[in-house]
1. Among what's in region 24-36 and is at pLDDT 75 or above and closer than 30 Å to residue 60 by Cβ, pick the residue that is farthest from the chain's Cα centre (by Cα).
2. Would you say residue 70 is touching a helix residue (DSSP H, G or I) at 6+ places or on another chain (Cβ under 6 Å) and of a type in the set (Asp, Glu)?
3. Could you check how many residues of region 55-76 are surrounded by 14 or more Cβ atoms within 10 Å (Cβ to Cβ) and assigned to a helix (DSSP H, G or I)?
4. Restricting attention to region 1-20, and to residues there that are modelled with pLDDT of 85 or more and open to solvent by 100 Å² or more (accessible area, probe 1.4 Å), which single residue is nearest to residue 40 (Cα to Cα)?
5. Can you tell which of 104, 60, 70 is touching a Ser or Thr at 6+ places or on another chain (Cβ under 8 Å) and of a type in the set (D, E, K, R)?
6. Any residue that is in a helix (DSSP H, G or I), surrounded by 13 or more Cβ atoms within 10 Å (Cβ to Cβ) and touching a Pro at 6+ places or on another chain (Cβ under 9 Å) - is there at least one of those in region 25-41?
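The values are calculated or read from the model by the stated rules, or taken from the named source; none is laboratory data. Here the structure is a predicted model, which is why all the values come from computation and not from measurement. Cβ sites come from the backbone with ideal geometry, for glycine too, and all protein chains shown count toward neighbours. Remember, those area values only see protein heavy atoms, side chains included, never the ligands or the DNA or RNA. Shrake-Rupley method; radii C 1.70, N 1.55, O 1.52, S 1.80 Å.
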Amino acid sequence: VLQNLSQTPVLRELIKEAKMPGTTVKIDSPELSMEPQLIKLDQPGPLTLAMYQFLTEMQETKKGVVTPKELFAQVCKKAIRFKGYQQQDSHELLRYLLDGMRAEE
């Protein structure tokens, strides 16, 4: 899931913009009949910042192995079910991760 998210250019750019407090983000609608929306973002939350840090490491690192320790810690704070390293479905992680970042908006 995290490797796929790291290869999503729109998500990377949006999180890069969202990490700065007071940023206004323009969201274009896929429907041509709707005008683009401008959304002003407040201070990003810890999950969003951890996601930004992880995506940056995935794109810029030369060391080969990236461990999402801080991102995992922030996910566990939002969804306690991930604590304890038990097996979880990847779609559950994706849902809790994206819902958690959206809740921080």
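1. 36
2. It is true that residue 70 is touching a helix residue (DSSP H, G or I) at 6+ places or on another chain (Cβ under 6 Å) and of a type in the set (Asp, Glu).
3. Residues flagged as surrounded by 14 or more Cβ atoms within 10 Å (Cβ to Cβ) and assigned to a helix (DSSP H, G or I) within region 55-76 amount to 11.
4. Applying the filter and picking the extreme gives 7.
5. Numbers: 60 fails: touching a Ser or Thr at 6+ places or on another chain (Cβ under 8 Å); 70 fails: touching a Ser or Thr at 6+ places or on another chain (Cβ under 8 Å).
Residue meeting the stated conditions: 104.
6. no
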